[in-house]
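Student: Sharing a structure below in structure tokens format, with a few things to ask.
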Amino acid sequence: MTLTSDKFYIPYLIPAAILTLALAIRLPVIMRFWRIDPNVRSLSGLLLLGSAVFYFGRPKSLALLNSSTGVSNFAAPLVYSLLTMFCAYCLIMVIHWRGGDPRRVRRTTWTIWSVYAGVVAGLWITFAFADVPVERLRDLDTYYAGTPWMREHILLYLAAHTAACLITATVIRTWLREVAGWLRAGLVFLVIGFVLNLAYDAVKLIAIVARWTGHDLDWLSTYVAPPIASVCALFVAVGFILPHAGQATQVLWTDYRQYRSLAPFVRELDGLDTGSLRLPRRTPLSRRLVQRRTQISDGLLRLQPYMDPGVRDRALAEALARDEAPDRAAATADAVAVVAAV
């Protein structure tokens, strides 16, 4: 289990806090499009489960879960189940991102759910049969590596996690050639994150196999694997968030630049009665941009009877004589005609 000593509490809290923050930022979109967009449902489930894994994976949280239920190591199947379902959401998210035939997507989604639901059921069944009387908050995987049923319990969650990470990393890597922009940047982070997840699984398995062969490499599972898991979570979180956040930021920046660039035009038309209402500053930028474009359009309509083609032609000739580019010269001529009409 990804449990560590006190000095690793902060690395657990950092990815948990980032995933929670991402969920909070996306909450309005999630609430609005939950029923109609499977991508939104997958992303919300992924962020919720990812943060839960790290919140519940802290030793203090594990001890609280065990004591509240009165069952030694009860937190193990709970945290492993959350991690397993997180893996399922990762696979489903990638399937929905790739798209394709809707029937194939639905069939693949149901297959993933069925397989990972079976894994979760297997985790609880094997734990129920296992004899684990000693509570282990930092080295459960290696301490019970040779215990009947608990051995299968640990290998089951590691196998499910490894399979999900391997499949996801392979699918994303082949997909990289087909995409660009923010989506490609997010996929690069995801590939790195899932490859690091494979390193986490490898470290865990090495420590477990060492136990089987009579060697002691428990420190790999206890002190090396948890920091790897934290870094993995950061890369995966950024990978899933970046395409959405990056695209939204780019749209916002584009709207802001257009809004600012139209300010001189609006000031030039301030003296005209266009009938446009002044919007408060708290109004969303996209709406203010639409209002500013409408104000300019209305102003140009009022100026139409006063526009002198001769003024524009002379300004265009002068701009071209100054070796301005044709598009720039046309814009200059239009601006001179508007100023003269005002």
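The values are calculated or read from the model by the stated rules, or taken from the named source; none is laboratory data. Bear in mind that the values here come from a model prediction, so they are computed numbers and not experimental data. Neighbour counts are summed over all protein chains in view; Cβ atoms, including those assigned to glycine, are modelled from backbone coordinates with ideal geometry. Just so you know, the surface numbers come from the protein's heavy atoms only, side chains and all, with ligands and any DNA or RNA stripped out. Shrake-Rupley method; radii C 1.70, N 1.55, O 1.52, S 1.80 Å.
Student: Scan region 184-192 and tell me whether some residue there is loosely packed, with under 13 Cβ neighbours inside 10 Å and either of a type in the set (G, A, S) or assigned to a helix (DSSP H, G or I) (or both).
Tutor: Looking only at region 184-192, we keep the residues that are loosely packed, with under 13 Cβ neighbours inside 10 Å, and these are none.
No, there is no match, as no residue in region 184-192 is loosely packed, with under 13 Cβ neighbours inside 10 Å and either of a type in the set (G, A, S) or assigned to a helix (DSSP H, G or I) (or both).
Student: Taking only region 118-140 into account, find how many residues are of a type outside the set (S, T, Y), part of a helix (DSSP H, G or I) and touching a residue at least 24 places away in the same chain (Cβ under 8 Å).
Tutor: Step one: filter region 118-140 for residues of a type outside the set (S, T, Y), giving 118-125, 127-140.
Add one more test, that the residue is part of a helix (DSSP H, G or I), and what stays is 118-125, 127-129, 140.
Okay, now just the ones that are also touching a residue at least 24 places away in the same chain (Cβ under 8 Å), so 119-120, 122-124, 127, 140.
Total satisfying the criteria: 7.
Student: Pick out the one residue from R211, R184 that is among the basic types (K, R) and more than 30 Å from P148 (Cα to Cα). Step through it out loud before you land on a result.
Tutor: Details: R211 fails: more than 30 Å from P148 (Cα to Cα).
The conditions single out R184.
Student: Go through region 306-338 and count every residue that is part of a loop (DSSP other than H, G, I, E, B) and either touching a Phe, Trp or Tyr at 6+ places or on another chain (Cβ under 9 Å) or surrounded by 14 or more Cβ atoms within 10 Å (Cβ to Cβ) (or both).
Tutor: Qualifying residue count, region 306-338: 2.
Student: Turning to a different aspect of this structure: Among (1) in contact with a helix residue (DSSP H, G or I) (Cβ under 6 Å, 6 or more places away or on another chain); (2) more than 30 Å from Q295 (Cα to Cα); (3) of a type in the set (D, E, K, R), there is one condition D255 misses while meeting the rest; what is its number?
Tutor: (2)
Student: Restricting attention to region 43-83, which residues are hydroxyl-bearing (S, T, Y) and open to solvent by 40 Å² or more (accessible area, probe 1.4 Å)? Show your work before the answer.
Tutor: Step one: list which residues in region 43-83 are hydroxyl-bearing (S, T, Y), which gives 44, 51, 55, 61, 67-69, 72, 80-81.
Matches in region 43-83: Y55, S67, S68, T69, S72.
Student: May I ask you to list the residues in region 35-59 that are over 20 Å from V238 (Cβ atoms) and touching a residue at least 12 places away in the same chain (Cβ under 8 Å)? Before the answer, list the steps.
Tutor: First pass over region 35-59, keeping only residues over 20 Å from V238 (Cβ atoms): 35-38, 41, 56, 58-59.
Within region 35-59, P38, F56, R58, P59 meet the criteria.
Student: Quickly run through region 212-230 and pick out the residues that are in contact (Cβ under 8 Å) with a residue 40 or more places away in the chain and either open to solvent by 60 Å² or more (accessible area, probe 1.4 Å) or outside the structural domain of N197 (by the TED database) (or both).
Tutor: W212, Y223
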